[in-house]
Amino acid sequence: MKHSYLLLLVVIVAFNACSPSITTNTSSVEVYSEDLSVHRQRYEMPKDNEQVNAELEVEAKIYPAPTFDVTTQLNSVLDSIDRLKSDVNYVDGYTVQVYSGTSSDEAKIARGKVYTILPESSPTLKYDEPNFKVRVGKFYNRLEAQKTYSRLKKRFSSTIIIPERIYIN
């Protein structure tokens, strides 16, 4: 019996603690006002344009000649890097994948829907055994791919941005 009274008391206290408390304020509502003009910066306007132009003119500074010039060494390093990278004919980039599945008919339908959403795009249908994949665009960074992704995500729930190598001609 004591336990049931104790349980009832705990339940009542819990309900009262969860209920929002309502307080009434009988004081009059005060309108906040404060004069902050003392803290504002004051700017004086020049009287003529010649004074403004004279202040804007910057004197030409004479810089000393560099003593430790590394331009020739840097150019030779950059040229060697260029020669090493000359045989690379791709860039790491991103593309938007709209469909990935085993049905070629659904892949063709998805490619057709992409044409209706983005008429300027050229979606590609690729077969990587056993899946068909529909991909749109070649982007150099993820931010560029985001615009196309957001337009296609509304119609295709499985749309993702994936990294891909972009081959250069």
Problem - Filter result for Thr71 (open to solvent by less than 80 Å² (accessible area, probe 1.4 Å) and free of Cβ contacts under 8 Å to residues at least 60 places away in the same chain) - result: yes
Exercise for the section: Restrict the check to the stretch 107-125 and report whether at least one residue is exposed (fewer than 12 other Cβ atoms within 10 Å of the Cβ), among the acidic types (Asp, Glu) and assigned to a loop (DSSP other than H, G, I, E, B). Expected result: yes
Practice task
State all residues of the stretch 126-169 that are of a type in the set (A, V, I, L, M, F, W, C) and surrounded by 12 or more Cβ atoms within 10 Å (Cβ to Cβ); if no residue qualifies, say none.
Solution key: Phe132, Val134, Val136, Phe139, Ala145, Leu152, Phe156, Ile160, Ile161, Ile162, Ile166
Practice task
State whether one or more residues within the stretch 92-102 are in a loop (DSSP other than H, G, I, E, B), modelled with pLDDT under 80 and not aromatic (Phe, Trp, Tyr).
Solution key: no
Problem - Count of residues meeting criterion [open to solvent by 100 Å² or more (accessible area, probe 1.4 Å) and at pLDDT 65 or above] in the stretch 34-53 - result: 10
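Inspect all residues belonging to the stretch 132-148 and state whether any of them is of a type outside the set (Asp, Glu), farther than 30 Å from Lys85 by Cβ and more than 26 Å from the chain's Cα centre (by Cα).
Yes, because at least one residue in the stretch 132-148 is of a type outside the set (Asp, Glu), farther than 30 Å from Lys85 by Cβ and more than 26 Å from the chain's Cα centre (by Cα).
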Fill in the blank from the handout: When every residue in the stretch 82-92 that is of a type in the set (A, V, I, L, M, F, W, C) and surrounded by fewer than 10 Cβ atoms within 10 Å (Cβ to Cβ) is compared, the one farthest from Phe139 (Cα to Cα) is Leu84
Completion exercise
So, first residue more than 11 Å from Tyr99 (Cα to Cα) and in contact (Cβ under 8 Å) with a residue 12 or more places away in the chain in the stretch 120-138, second residue among the small types (Gly, Ala, Ser) and assigned to a loop (DSSP other than H, G, I, E, B), Cβ within less than 7 Å, six or more apart or across chains; the pairs are Gly137/Ser121
Practice task
Taking Ser76 as meeting all but one of (1) touching a residue at least 24 places away in the same chain (Cβ under 8 Å); (2) farther than 19 Å from Phe139 by Cβ; (3) open to solvent by less than 90 Å² (accessible area, probe 1.4 Å); (4) not aliphatic (A, V, I, L, M), write down the number of the exception.
Solution key: (1)
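The values are calculated or read from the model by the stated rules, or taken from the named source; none is laboratory data. Values in this document were obtained by computation on a predicted structure and should not be read as measured data. Please note: Cβ atoms are built from the backbone with ideal geometry, for glycine as well, and neighbour counts cover all protein chains shown. Side chains are part of the model used for accessible areas, which takes the heavy atoms of the whole protein and leaves out ligands, DNA and RNA. Shrake-Rupley method; radii C 1.70, N 1.55, O 1.52, S 1.80 Å.
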